[in-house]
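A.B. asks: Questions regarding the structure given below will be posed in turn.
Where a number appears in this text, it was derived from the coordinates with a stated rule and is not lab data. Because the structure is predicted, anything quoted here is derived from the model rather than measured. For neighbour counting, all protein chains shown are included, and Cβ atoms are generated from backbone atoms with ideal geometry for every residue, glycine included.
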Amino acid sequence: MILVSISDKMSMYTKKVMELFRNPKNMGEIEDADAVGEAGNPVCGDQMKLFLKTDDRRITDVKFQTYGCAAAIATSSIVTKKVKGKKIEEALKLTKDDILEDLGGLPEQKVHCSFLALEALEDALDDYK
């Protein structure tokens, strides 16, 4: 039997991913959100919820709640950082590649987390409509 320590598993992530995992940006809930989106993966168990506050089609505040691994938390955090202050139309253009680039990449088995973060954003933007 081979045992892998948590620190060995964490070493597969970039410094940026680990920074956002340890100190996530925009984590929390917006009580009077204009839109809420959710996404989850039943296989890995990750769950994401994204809250948007808007003014004149601009995202003025965004928060997230994520239950998941370091990649799930980091991708949620980076999505909120990238869309805060943007017009709805600009936020709709965000891609998985944008997220992966900002994080310096993710291990192949964790790339699905970037899809989940985008799904939560898209669900919130659909809720906004």
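A.B. asks: Tell me, 54, 95, 80 in order of fewest to most beta-carbon neighbours within 10 Å? If you can, show how the numbers build up before the last one.
C.D. replies: Numbers: 54 18, 95 10, 80 24.
The fewest-first ordering by Cβ neighbours comes to 95, 54, 80.
A.B. asks: Further question on the same structure: Can you tell me the 0 to 90 degree angle between the C-alpha axis of helix 70-83 and the longest principal axis of the chain, rounded to 10?
C.D. replies: 30 degrees
A.B. asks: How many nm separate the modelled label positions at residue 43 and residue 126, each set 7 Å beyond the Cα in the direction of the Cβ?
C.D. replies: 2.0 nm
A.B. asks: Can you run phi through the Karplus equation (6.51, -1.76, 1.60; θ = phi - 60°) for segment 41-55 and list ³J(HN,Hα) in whole Hz, with x for Gly and Pro?
C.D. replies: 3J(HN,Hα) across segment 41-55, in whole Hz: 10, x, 6, 8, x, 5, 9, 10, 9, 10, 10, 10, 10, 10, 8.
A.B. asks: Let me know the volume per residue of the alpha-carbon convex hull for the chain, in Å³. Present the calculation step by step, with values, prior to reporting the outcome.
C.D. replies: Working: hull volume 12.8 nm³, N = 129.
Dividing the Cα hull volume of the chain by its residue count gives 99 Å³.
A.B. asks: Would you mind ranking 46, 56 so that the residue whose beta carbon has the fewest other beta carbons within 10 Å leads the list?
C.D. replies: Details: 46 23, 56 7.
So the residues, fewest neighbours to most, are 56, 46.
A.B. asks: If each residue of separation counts as 0.36 nm, what is the full-extension length gain between residue 67 and residue 109 once their alpha-carbon separation is subtracted? Display every interim value, and only then the final one.
C.D. replies: Details: separation 42, 0.36 × 42 = 15.12 nm, distance 1.73 nm.
Taking residue 67 through residue 109 to full extension adds about 13.4 nm, to one decimal.
A.B. asks: Per residue, how big is the convex hull of segment 75-129 when only Cα atoms are used? Give it in Å³.
C.D. replies: Values: hull volume 3.5 nm³, N = 55.
So the per-residue hull volume is 64 Å³.
A.B. asks: Another question, if that's okay. List 115, 51, 64 from most exposed to least, where exposure is judged by having the fewest other Cβ atoms within 10 Å. List each step's numbers first, then the result.
C.D. replies: On the way: 115 14, 51 24, 64 27.
Ranking 115, 51, 64 by Cβ neighbours within 10 Å, fewest first, gives 115, 51, 64.
A.B. asks: Give, in nm to one decimal, the length gained when the segment between residue 100 and residue 34 is fully stretched (0.36 nm per residue of separation minus the Cα-Cα distance).
C.D. replies: Numbers: separation 66, 0.36 × 66 = 23.76 nm, distance 2.74 nm.
Between residue 100 and residue 34, full extension yields 21.0 nm more.
A.B. asks: Using 0.36 nm per residue of separation minus the Cα-Cα distance, give me the extension gain between residue 23 and residue 89 in nm, one decimal. Don't jump to the answer; show the numbers that get you there.
C.D. replies: Details: separation 66, 0.36 × 66 = 23.76 nm, distance 2.84 nm.
My answer for the length gained is 20.9 nm.
A.B. asks: Quick check: the angle from helix 112-128's long axis to the longest principal axis of the chain, C-alpha only, nearest 10 degrees?
C.D. replies: 10 degrees
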